[in-house]
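Chemist: Handing you this structure, nothing more for now.
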Amino acid sequence: MRNFLNARPGLVSLLLGAASALALPPLHLLPVLLLTFPAFLAVLARAGGARQALWWGALFGFGHHVAGLYWLTHALFTDIATWFWLVPLAAPGVALPLAAFMALPAWAAWRAGRGREGVGWPAVLVFAAAWTASEMLRGFLFTGFPWNLLGTAWAFHEIPLQPAAFVGVHGLSLLTALLAALPALGWRVATPLLLSSLALWGSGGAWVLRQPAPEDSATRVVLVQGNIPQDLKWEETQRLAIFQRYLQLTREGTAEAAQAAPEAPILAIWPETASPFLLAQDPDAQRLAASVLPDRGVLLAGTVRAEWSPEGRIARLWNSLVSLDAAGTMGPAYDKSHLVPFGEYMPLRGLIPIRVVAGGVDFTAGPGRQTLELPGIPGFSPLICYEVIFPGRVTGPTRPGWLLNITNDAWFGHSAGPYQHLAASRLRAVEEGLPLVRAAQTGISIVYDAMGRERARIGLGETGFAIAPLPGAGAPTPFSRWGLWLPLGALLCVGVLGMALQRRRAI
């Protein structure tokens with residue numbers, strides 16, 4: 001094994017990065033990291049200089065993100081005749097710039113371990129801190145893409161997620177990287193530290209979950225999942241049938257909810273762009289949608305909203321969430337503000353010779369985070385699609401009573417993508433101490449309480465509805481008050497400690 005590490009360190013780095021993706025959702029094979037992280041640190045200890053360490057770090061990152069984002073290719077199969085040539089390039093093309101972020105922790109670990117045989121505490125501490133710093137940078141640079149943060153590996157259960165209320169998902173990433181790297185110091189050192197840390201982590205999370213939960217709201221939530229395949233979603237011949245499916249599911253779900261709680265407000269929720277008609281501007285569609293709502297019912301529906309030019313052409317488009325009551329009156333609406341590059345608009349238009357965005361008009365960004373208020377229902381923060389993946393940036397100036405994420409994960413079929421998106425959503429609930437309601441085109445639609453506990457679910461690829469009381473909001477968490485400053489402070493402490501130990505050894 002040592003000979004292979006010496007002979008093929010670049011290839012080993014690539015393979016170790018790919019293997020590390022097994023810890024991510026939906027597999028959550030966290031023990032793999034106890035092998036891959038120490039092995040990668042051992043590779044870095046053999047680097048002959050900074051350039052080599054940077055290169056091996058980039059290779060690790062490339063392998064990690066190609067394996068973690070393989071499912072991006074699935075979106076191309078909705079129009080494979082047009083995009084067949086992109087199939088071998090899609091995941092590597094996204095992974096390539098993300099790989100650069102892994103160069104930072106690799107270089108930092110190599111520098112902290114210089115002049116030492118093997119791997120010591122300085123390299124372990126600095127590596128964990130730099131890994132977390134690179135993830136935080138990834139959330140902001142080039143519009144941000146904080147997908148598959150290491151801390152999401154714990155989203156298989158609510159118990160290990162509870163520290164996120166204090167330090168967010170980045171704090172979980174810091175703890176995970178630190179614990180995973182410990183075997184590089186030798187198992188005699190690592191074993192007691194791992195066992196005691198995990199025991200403390202688990203018992204602390206279990207204790208938090210035993211505390212009294214906030215009282216549920218009177219509102220009943222009806223999640224509607226139409227399960228429309230992406231390749232049929234915008235077919236002209238399918239529009240009415242799709243709309244009728246959503247109407248029928250809404251009628252059945254709201255009737256059942258009204259029967260169980262006759263005096264409760266009822267909130268039916270459709271996923272992102274669920275309406276095949278421009279619901280905000282189509283009186284006939286509004287009338288039909290209102291007709292399936294009970295007297296106290298309100299519909300929150302994902303739809304495209306448009307503005308026309310004087311010549312009758314579409315001038316602007318918004319990816320929107322609109323509200324409609326049983327009388328057919330349109331209420332508050334939200335326009336998605338953080339758009340997906342290449343998916344909803346073309347960056348560097350005119351410089352890139354291809355156009356991936358369908359149609360001739362890019363979507364327009366909305367004004368930003370806000371809390372929507374509806375009569376008799378706690379105010380909520382709407383989040384469309386991947387707006388939910390940004391830690392510390394899911395609420396506006398006014399703290400809402402809950403978070404609503406509507407999304408269309410049909411692009412990615414039965415792959416890891418929908419599960420990874422779900423894991424990010426669950427963490428936002430714990431970080432903010434707010435319940436999160438999620439409606440997805442093909443799943444997974446779900447209701448989480450303020451501690452990330454599941455209250456209702458419609459599985460991936462299922463058609464139907466789910467009913468649940470809207471969980472109550474928890475008290476503001478430390479993370480909701482201080483945001484990214486808390487994990488930033490934690491990684492700085494760990495990084496400074498590692499550098500201090502390295503300097504002390506050098507004296």
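The values are calculated or read from the model by the stated rules, or taken from the named source; none is laboratory data. This structure is a prediction, so every number in the text was calculated from the model and none was measured. Cβ atoms come from the backbone with ideal geometry, glycine included; neighbour counts cover every protein chain shown. For the accessible areas, the whole protein counts, side chains as well, though only heavy atoms, and no ligand, DNA or RNA atoms are used. Shrake-Rupley method; radii C 1.70, N 1.55, O 1.52, S 1.80 Å.
Chemist: To the nearest 500 deg cm²/dmol, what mean residue ellipticity at 222 nm is calculated for the chain from DSSP H runs of n ≥ 4 alone, each contributing -39,500 (n - 2.57), summed and divided by the residues? Mind showing how you got there, number by number?
Modeler: Working: 15 runs with 215 residues, N = 507.
When only DSSP H runs of four or more count, the value is -13500 deg cm²/dmol.
Chemist: Continuing with this model, one more query. Within a Cβ distance under 11 Å of residue 376, other residues only, what is the Lys/Arg minus Asp/Glu net charge?
Modeler: -2
Chemist: Separate question: Counting Lys and Arg as +1 and Asp and Glu as -1, each charge on the Cβ, what is the dipole of region 349-485 about the Cα centre in debye, to the nearest 20?
Modeler: Roughly 200 debye, rounded to the nearest 20.
Chemist: Over region 99-226, what is the relative contact order in percent, taking alpha-carbon pairs closer than 8 angstrom and at least six residues apart?
Modeler: RCO, region 99-226: 22 percent.
Chemist: Something else about it: What share of the DSSP beta bridges in region 233-326 is antiparallel, in percent to the nearest 5?
Modeler: The antiparallel proportion sits near 75 percent.
Chemist: Residues of region 409-507: accessible area per residue at 1.4 Å, in Å²?
Modeler: I get 38 Å² per residue for region 409-507.
Chemist: Given charges of +1 on the Cβ of Lys and Arg and -1 on the Cβ of Asp and Glu, with all other atoms neutral, how large is the dipole of the chain about its Cα centre, in debye to the nearest 20?
Modeler: So the dipole magnitude of the chain works out to roughly 2320 debye.
Chemist: Could you tell me which label, among (1) -0.61, -0.73, -1.05; (2) -0.54, -0.64, -0.93; (3) -0.40, -0.52, -0.93, carries the value of log10 I(q)/I(0) by the Debye sum over Cα atoms at q = 0.07, 0.08, 0.11 Å⁻¹ calculated for this structure?
Modeler: Here log10 I(q)/I(0) by the Debye sum over Cα atoms at q = 0.07, 0.08, 0.11 Å⁻¹ agrees with entry (3).
Chemist: Right, here's the next one. With an 8 Å Cα cut-off and a minimum separation of 6 or more residues, compute the relative contact order for the chain in percent. The partial results should precede the final answer.
Modeler: Details: 1082 pairs, mean separation 84.1, N = 507.
Value for the chain: 17 percent.
Chemist: Quick check on the chain: of the DSSP beta bridges with both residues there, what percent are antiparallel, nearest 5%?
Modeler: Numbers: 30 of 50 bridges.
That works out to approximately 60 percent antiparallel.
Chemist: Something else: Rg/Rh for region 1-155 to two decimals, with Rh computed the Kirkwood way over all alpha-carbon pairs.
Modeler: Answer for region 1-155: 1.00.
Chemist: Also, I was wondering about something else. Which is farthest toward the positive dipole end of region 255-339 among 289, 323, 273, measuring Cα position about the Cα centre, with Cβ charges +1 (Lys, Arg) and -1 (Asp, Glu)?
Modeler: Positive-end residue among those listed: 273.
Chemist: Share of Cα-Cα pairs in region 179-222 beyond 13 Å, in percent?
Modeler: Pairs farther apart than 13 Å: 67 percent.
Chemist: Give me the angle, in degrees from 0 to 90, between the Cα long axis of helix 416-432 and the longest principal axis of the Cα atoms of the chain, rounded to the nearest 10.
Modeler: Relative to the chain, helix 416-432 is tipped by roughly 90 degrees.
Chemist: Order of 194-202, 474-482 by packing, highest average Cβ count within 10 Å first?
Modeler: With the highest mean Cβ count within 10 Å placed first, the list reads 474-482, 194-202.
Chemist: Out of 261, 228, 205, whose Cα points farthest toward the positive end of the dipole of region 166-286 (charges: +1 Lys, Arg; -1 Asp, Glu; placed on Cβ)?
Modeler: 205
Chemist: With a probe of 1.4 Å, find how much accessible area region 35-131 has per residue, and write the answer as a whole number in Å².
Modeler: Averaged over the residues of region 35-131, the accessible area is 42 Å².
Chemist: Farthest toward the dipole's positive end in the chain, which of 502, 106, 390, given Cβ charges of +1 (Lys, Arg) and -1 (Asp, Glu) about the Cα centre?
Modeler: Positive-most Cα among the choices belongs to 502.
Chemist: Where does helix 33-45 land angle-wise versus the long Cα axis of the chain, in degrees 0 to 90, nearest 10?
Modeler: So the helix axis and the longest Cα principal axis differ by about 50 degrees.
Chemist: Ranked from highest to lowest mean number of other Cβ atoms within 10 Å per residue, what is the order of the peptides 381-387, 329-335?
Modeler: 381-387, 329-335
Chemist: Further, regarding this structure: Roughly how tilted is helix 187-209, in degrees to the nearest 10 and between 0 and 90, from the longest Cα axis of the chain?
Modeler: With both axes taken from Cα atoms, the answer is about 20 degrees.
Chemist: Let me ask you something else. At a 1.4 Å probe radius, carbon and sulfur cover how many percent of the accessible area of the chain? All intermediate terms of the calculation are to be shown ahead of the outcome.
Modeler: Values: 13540 of 21350 Å².
Summing carbon and sulfur atoms, their accessible area is 63 percent of the total for the chain.
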